[in-house]
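Structure, as structure tokens:
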Amino acid sequence: MRYRFPLFGLLLIVALLTAACGPSADNTADRLKSAGVLRVGTEGVYAPFSYHDPASGQLTGYDVDVARAVGDKIGVNVEFVETPWDSIFAALEANRFDVVANEVTITPERQAKYDLSEPYSVGEGVIVTRIDNGSITSLADLKGKVTAQSITSNWAQVARDAGARVEAVDGFTAAIKLLNQGRVDAIINDSIAVYAYLAETNDTSVRIAGTVGEKSEQGFAARKNSGLLPELNKALDTLRADGTLASISQKYLKANASGGPQAGQPNPAHRSTWQLIADNLWPLAKAAVTKTIPLTVISFAIGLVIALAVALARLSSIALLSNAARLYISIIRGTPLLVQLFIVFFALPEFGVKIDPFPAAVIAFSLNVGGYAAEIIRSAIQSIPKGQWEAAETIGLSYVGTLRRIILPQAARVAVPPLSNTLISLVKDTSLASTILVTELLRTAQIAAAPTFEFFALYGTAAVYYWVICLVLSFGQSRLEHRLERYVVR
């Protein structure tokens, strides 16, 4: 009996150590064969590579069909998991799927971090400008210019190395839209994507102005040591030899984009995680101080003014004012903040109203705060007994005077806690401004994480900054509530 517990403890320790070592190189491959399903991560919004057919609504595209063909060769079903590009590698590492099929460019940095298959498409980098821009014909001409690039693409680094200022966007579609609107001077992307876009849209407002002298090869990406590469490469070799890749390429790209094996490349040296965090502490702090906090303060201040006006209109006996206020509140509360941002930044230019990123974010956030805070202020005003209004009338105070001297000071004590929560929520909501080119705290973390793939470390650091800002605001809220409790007569 006395030996059973030590033996059990020893077995438990061995089991824990085995689990802590993570999956073996063949675990994913074994699971794939036993389950009979290959989970594939893809965007679903990147035509013609991964998108939904407008007629049927089904997921389709070059990368989608290649993945299905590979699944057929391996003998498994393919299950697609649609994921935004900027979070697709984080989802891969989180085991949301087995491989990424989304025109993943094969680079030394990615080879060091992931298992990359042989390429199934090959292209070259090209520079795209507006048709009336003749000042850019090569990489050298990009110095001092502004380009729009997905932060997790290799083309973003090519643009930076050329001396361009890179505006980070979510993908090629957003980049070409910014180019069309004249918000950026150029974009760099793979020739395959550009030719497919031009063939699909017949867009005559842009042109290929030059090449960057760099070939791009795209393949599947899997977790490091997944054990999937032999199966994937064998299937791709077969599909390339029997002409399937060329046929799929012609179907979607009107060209043969299939390529040969990728030559081996040395793994680059990597900074440690702690060194990476240390190197980015100041850039993240600078983004918080220069963008996140000003955006929060300005938007909240303007939003409070809007909220007070809307709340008073909502309480007005004039039906037109009251109904207009109700409609405004209903629209703001009934639509996502992200949609409101997109309307201000992307949709208004269609009507000739072009607003720079930071002012556009201020407008959208202020209107959003105004809609939510209006109901808070309205309920706070209504919480004051009607006798206060009547007493003010008996001493001859006007409506404005009654509000300023009697009602609002008392309503402030009621409104401060929920308004403070709105302010704290706004701090976190400012992260959405990254979608309209405001390089605030989260976008700075994304940019830093993109070439290193250290998502947890840098996103975690950004989260700590947000937390510290919210702690300071919570402390200020407590002090303000205490002050109002002391000096506002009940």
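The values are calculated or read from the model by the stated rules, or taken from the named source; none is laboratory data. Predicted model, so just to flag it, every value in this text is computed and none were measured. Positions of Cβ are generated from backbone atoms using ideal geometry, with glycine treated the same way; all protein chains shown enter the neighbour counts. Quick note on the areas: whole protein, heavy atoms, side chains included, nothing else; ligands and nucleic acids left out. Shrake-Rupley method; radii C 1.70, N 1.55, O 1.52, S 1.80 Å.
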Notebook entry, point to check: What pairs come up if the first residue lies in segment 229-242 and is closer than 18 Å to V99 by Cα and part of a loop (DSSP other than H, G, I, E, B), the second is open to solvent by less than 60 Å² (accessible area, probe 1.4 Å) and of a type in the set (S, T, Y), and their beta carbons are under 8 Å apart, counting only those six or more places apart or on different chains?
Noted result: none
Next item on the list: Can you tell me which residue within segment 52-86, out of those that are touching a Ser or Thr at 6+ places or on another chain (Cβ under 7 Å), part of a helix (DSSP H, G or I) and touching a residue at least 40 places away in the same chain (Cβ under 8 Å), is most open to solvent (accessible area, probe 1.4 Å)?
Entry: K73
Next item on the list: Determine which member of the set S434, S398, S420 is open to solvent by 40 Å² or more (accessible area, probe 1.4 Å), out of contact with any Phe, Trp or Tyr (no Cβ under 9 Å at 6 or more places or on another chain) and of a type in the set (G, A, S).
Entry: S398
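Please work out if V184 is in a loop (DSSP other than H, G, I, E, B), surrounded by 15 or more Cβ atoms within 10 Å (Cβ to Cβ) and without any contact (Cβ under 8 Å) to a residue 40 or more places away in the chain. It would help to see each step written out before you state the result.
Details: in a loop (DSSP other than H, G, I, E, B): yes; surrounded by 15 or more Cβ atoms within 10 Å (Cβ to Cβ): yes; without any contact (Cβ under 8 Å) to a residue 40 or more places away in the chain: yes.
Yes; evaluated as a whole, the condition is true for this residue.
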Next item on the list: Read through the list (1) of a type outside the set (V, I, T); (2) in contact with a strand residue (DSSP E or B) (Cβ under 8 Å, 6 or more places away or on another chain); (3) under 26 Å from I447 (Cβ atoms); (4) open to solvent by 10 Å² or more (accessible area, probe 1.4 Å), then give the number of the only condition that A47 fails.
Entry: (2)
Check: Which helices (runs of 4 or more DSSP H) does segment 272-347 wholly contain that include 1 or more residues that are under 20 Å from the mean Cα position of the chain (by Cα), at pLDDT 90 or above and hydrophobic (A, V, I, L, M, F, W, C)?
Finding: 273-287, 293-315, 337-342
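Quick one: would you say I355 is open to solvent by 20 Å² or more (accessible area, probe 1.4 Å) and either touching a residue at least 12 places away in the same chain (Cβ under 8 Å) or of a type outside the set (D, E, K, R) (or both)?
Working: open to solvent by 20 Å² or more (accessible area, probe 1.4 Å): yes; either touching a residue at least 12 places away in the same chain (Cβ under 8 Å) or of a type outside the set (D, E, K, R) (or both): yes.
Yes: the conditions hold for I355.
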Margin query: Which of the numbered conditions does R378 fail, given that it passes all the others? Conditions: (1) assigned to a helix (DSSP H, G or I); (2) open to solvent by 20 Å² or more (accessible area, probe 1.4 Å); (3) modelled with pLDDT under 90.
Written below: (3)
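Run down I407, I424 and say which single residue is at pLDDT 85 or above, more than 30 Å from K354 (Cβ to Cβ) and part of a helix (DSSP H, G or I).
Values: I407 fails: at pLDDT 85 or above.
Result of the check over I407, I424: I424.
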